[in-house]
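Student: One structure, pasted below without further comment.
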Amino acid sequence: MLKFNMEPARISFYDQIARNKRKSFFLMFCIFLVFLLLGYVISQVYSVVSFFSIMIFAIIISISYILISYYNSDKIALASVNSRPASRNEFRQYYDSVEGLCLASGLPTPKLYVMQNEQINAFATGRDPQHAVICVTTGALEKLNKQELEGVLSHELSHIANFDIRFMTLAAVMVGMIAIISQMFLRSLWFRSGGGDDNKGNAIFLLIGIILAIFAPIAVQLVQLAISRKREFTADATAVQFTRTPTGLANALRKIKNDKPMKVNKAVASLFMSDPFRQKVAGMFSTHPSIDERIKILEKL
């Protein structure tokens, strides 16, 4: 009698990490290509002086805004969720778990914070491992066992180890520049005299420029969200690398799936390890992949 093996094919967490990083860099390259294409089209519509004026202004504004957020990301995030520093005496297991994982992974120990919330969730922020912060909800500390908590913490440490804040900041800079350039180009059309004597500013490039300026910001934002989802998959796989087991994180995600939605500022929602709003379906407009899909992949690692 024939027997069929119904076990899911196993995958290496090393392959999973490498695959998602490649996809993230490819998506970032797509944003860069859109930036170049938009710049090229605008350069065909306007004179060199006007083109460089638009580009330089957009780059300065975008980078200045993002850098301020980048160097103060931990303070902004912690303040927005009303978190407080975690006391070692009050949260000894929290400290012990993080320090053990940092010792195993070779990372410096981040500052630890607690957010008063009965739902299970956590986030990491900070511009690099030396300035990193981890914040967990009181619900996570109360509802998760030791193995599950370590799974969640290892996921957050993975974001720190993979420099995800820096990577997503770079994506935000590119997306911000495209949005600013598109707005400046569209607004400048109100002051553009008809006809013109520059044969580069022809109707075809003008039409292409208008279409790109309208749809490019939307397209790159969707790509940015796709990058965010890929970084979550990467953090899950790296967490398995740190703990050498997917069980804790997978079980924690199962508990999160059955938890209630959180009330948090949408500006920081993407930082959390799972979608705080608990959307039923994770589509192209989601910052996080679906929990079911994450669990499915973890079960194969």
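Rule-based calculations on the coordinates, nothing more; no lab input. Not measured: the values here are computed from a predicted model. Here the Cβ positions follow ideal geometry from the backbone for every residue, glycine too, while neighbour counts run over all protein chains shown.
Student: Determine the gain in length on full extension of the stretch Thr138-Tyr65; use 0.36 nm per residue of separation and subtract their C-alpha separation, reporting nm with one decimal.
Tutor: Numbers: separation 73, 0.36 × 73 = 26.28 nm, distance 3.24 nm.
Taking 0.36 nm per residue and subtracting the Cα distance, the gain is 23.0 nm.
Student: Right, here's the next one. Using every alpha carbon pair in segment 30-185, what percent of pairs falls into each 10 Å bin from 0 up to the bin containing the largest distance?
Tutor: In order of increasing distance, the bins hold 10, 32, 24, 16, 12, 5, 1 percent.
Student: Under 13 Å from a point placed 7 Å out from the Cα of Glu293 along the Cα-to-Cβ direction: which residues of segment 226-240 have their backbone N that close?
Tutor: Flagged as within label range: 226-234.
Student: How far apart, in nanometres, would the label points at Phe29 and Ile218 be if each is projected 7 angstrom from Cα along the Cα-to-Cβ direction?
Tutor: It works out to 2.7 nm between the two label points.
Student: Please compute the length gained on full extension between Gln130 and Leu37, using 0.36 nm multiplied by the number of residues separating them and subtracting their Cα-Cα distance.
Tutor: 29.8 nm
Student: Working from the alpha-carbon coordinates of the chain, get Rg over Rh, Rh being the Kirkwood radius.
Tutor: Checking Rg against Rh, the ratio lands at 1.07.
Student: Now for a different question. First measure r as the distance between the Cβ atoms of Asn82 and Arg278, then evaluate 1/(1 + (r/R0)^6) with R0 = 22 Å and state the FRET efficiency to the nearest 0.05.
Tutor: 0.60
Student: List the DSSP H helices in the chain whose Cα atoms stretch 30 Å or more along the helix axis and whose mean Kyte-Doolittle hydropathy is at least 1.6.
Tutor: In the chain, the long hydrophobic H runs are 48-71.
Student: Further, regarding this structure: Normalised by the empirical 2.2 N^0.38 Å for globular proteins, what value does the Cα Rg of segment 147-301 take?
Tutor: 1.40
Student: For the chain, what's the relative contact order in percent, using C-alpha pairs closer than 8 Å and at least 6 residues apart?
Tutor: Relative contact order comes out at 27 percent.
Student: When ranked by the protection proxy of mean other Cβ atoms within 10 Å per residue, highest first, what sequence do the peptides 154-161, 254-261 form?
Tutor: Ranking the peptides 154-161, 254-261 by packing returns 154-161, 254-261.
Student: Could you list, in their original order, any pairs among Lys75/Lys143; Lys23/Lys300; Lys146/Lys260; Lys143/Lys260 whose Cα atoms are separated by more than 24 Å?
Tutor: Numbers: Lys75/Lys143 27 Å; Lys23/Lys300 20 Å; Lys146/Lys260 22 Å; Lys143/Lys260 13 Å.
With Cα atoms farther than 24 Å apart: Lys75/Lys143.
Student: Leu207 label point, 7 Å along Cα→Cβ, cut-off 16 Å on backbone N: hits in segment 20-56?
Tutor: 45
Student: Right, another one. Of the residues Gly248, Gly106, Gly151, which exhibits the maximal mean-square fluctuation in a Gaussian network model of the chain defined by a 10 Å Cα contact cut-off?
Tutor: Answer for the Gaussian network model of the chain: Gly106.
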